[in-house]
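A quick write-up on the structure given underneath.
The values are calculated or read from the model by the stated rules, or taken from the named source; none is laboratory data. Please read all numbers here as calculations on a predicted model, not as lab measurements. Note: ideal-geometry Cβ built from the backbone for every residue, glycine included; neighbour counts use all protein chains shown.
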């Protein structure tokens, strides 16, 4: 087989991969157009966040850059100016999302393991019920929860938010990890069992360490999705459990003085954690975003 | 299931511990082995029930006349459905949701596949861009909405300035708003389609392409007859995710237009939000959501069956 391949570099290429042709120049041009469109809004946000109060309404690219907007947004002075306590919202987001992910991992890992390792009656029902949460319109659950939370005193509490965020994080964790546990060869655990390990120890000492990258990817992706969620805190929280996504929209509303530069600075601060986390798990993103359906 | 039954152990002859294991392993009684997956799933089941409970309550609300002004509701059968289905505004919401979901999904799929094709060429520019491809996707949709809202601003926004549209063109006026929210949606989510399809392209077998290149097939012929059929399952997964998400779109539209101007971008979820959270008419909002849920459920069932067929066909084509 290897002998018949005379032009290995050439035949490795899929359609449209030939280099240095009119086609390839057009293709690179297409890529550049997309990335100008894709990156321009982000670049403009950075520029706007670096502008001072006088320049914030101008549409020029020349300005005197200042870092002070980032400091102002998270300071008490910024809170007085915009009546948005962004610092508190950041902390709340961290606690809500961290809490939700931990709960999802503690509860989701055993369930994912059971579903990935054994075919038992009701297994696929449970899994598809989880998946349906991913696709169900959120308000179907949130409107009744709004009423229920107000009745039982969970409205605007972090516990209430962690509970409702399971709707986002739990399906993600369970489905991604199930696909990892399914790929895990059973022989490994069996070898441990034969060596006298208990089932629990075999799981903790053998299976868990191997799928650790998967667990990390699922946890970080769940954190990103929880962080980026908007509907839940918008409806079920107020000042005590309100998150950055809700806080950021308040910069725009509330009439009177507009602070475009502060809004942009806040947008960048709020967007950074998901971006950094996403870049660290880039290898696992495709599998995670597709709930394990596409194994890249 | 049959993890440690003695039957499987003798098939691994070169394992020294095997005889000892045959003696030890059956000490776990069958009923405990059978019960194990259920025990592990119980906490997750509790969560599922905890989420299903408000769902069922919401479905029940749709048959009550429950609102903040009417805290002691009673059963009204299908009155809510009659009033919602006879309401012009509801059908406008259905229309907006349908147009948005179909248009955004179609454009994102076409652009995403195109982008994946361009990135799959592995040019130097492509390698650099692939690293930053997912940036818009990882920014919260609501923050993307804020970013674009600042850019859309007729006087202070950058878009009119850069595109030379003067300072009166309003991107979010009633005639342009739906276009603009689709634009923002495709800015966020085209990379999602692209990375899924790109992963699919990279997993394709190389031999069919080599063979057809030897036969002198044109690039377009290879793409249409070879690549597309094999990629179809990947594209469908992306389409399912995008279409289902677009049917229940809320975040970025809400921050951009809040469903306006008037009802120009009032999707079903925004309509439900207005009715149940702003006007505090829980029953009417729940009726909206129950109807949307039925639409989502039927669409999901249909798309998943299409995906199943495509996967079987692709598996057949590859083997």
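Worth pointing out:
- Against the numbered list (1) surrounded by fewer than 19 Cβ atoms within 10 Å (Cβ to Cβ); (2) at the interface with chain A (Cβ under 10 Å from one of its Cβ atoms), residue B:294 comes up short only at (2).
- For the residues B:98, B:44, B:103, the requirement of being outside the structural domain of residue B:287 (by TED's automatic domain parsing), at negative phi and not in a loop (DSSP other than H, G, I, E, B) singles out B:44.
- Candidates B:161, B:176, filtered to the one that is within 8 Å of chain A (Cβ to nearest Cβ), over 24 Å from residue B:121 (Cα atoms) and surrounded by fewer than 18 Cβ atoms within 10 Å (Cβ to Cβ): B:161
- The condition of being more than 28 Å from residue A:282 (Cβ to Cβ) and surrounded by fewer than 21 Cβ atoms within 10 Å (Cβ to Cβ) does not hold for residue B:152.
- Answer residue from segment B:126-140, given it is assigned to a helix (DSSP H, G or I) and facing chain A (nearest Cβ under 7 Å) and is surrounded by the fewest Cβ atoms within 10 Å (Cβ to Cβ) among those: B:132
- For the residues A:179, A:124, the requirement of being more than 8 Å from chain B (Cβ to nearest Cβ) and modelled with pLDDT under 85 singles out A:124.
- Enumeration of residues in segment B:259-278 that are assigned to a loop (DSSP other than H, G, I, E, B) and either on the phi < 0 side of the Ramachandran plot or touching a strand residue (DSSP E or B) at 6+ places or on another chain (Cβ under 8 Å) (or both): B:260, B:261, B:263, B:264, B:265, B:266, B:267
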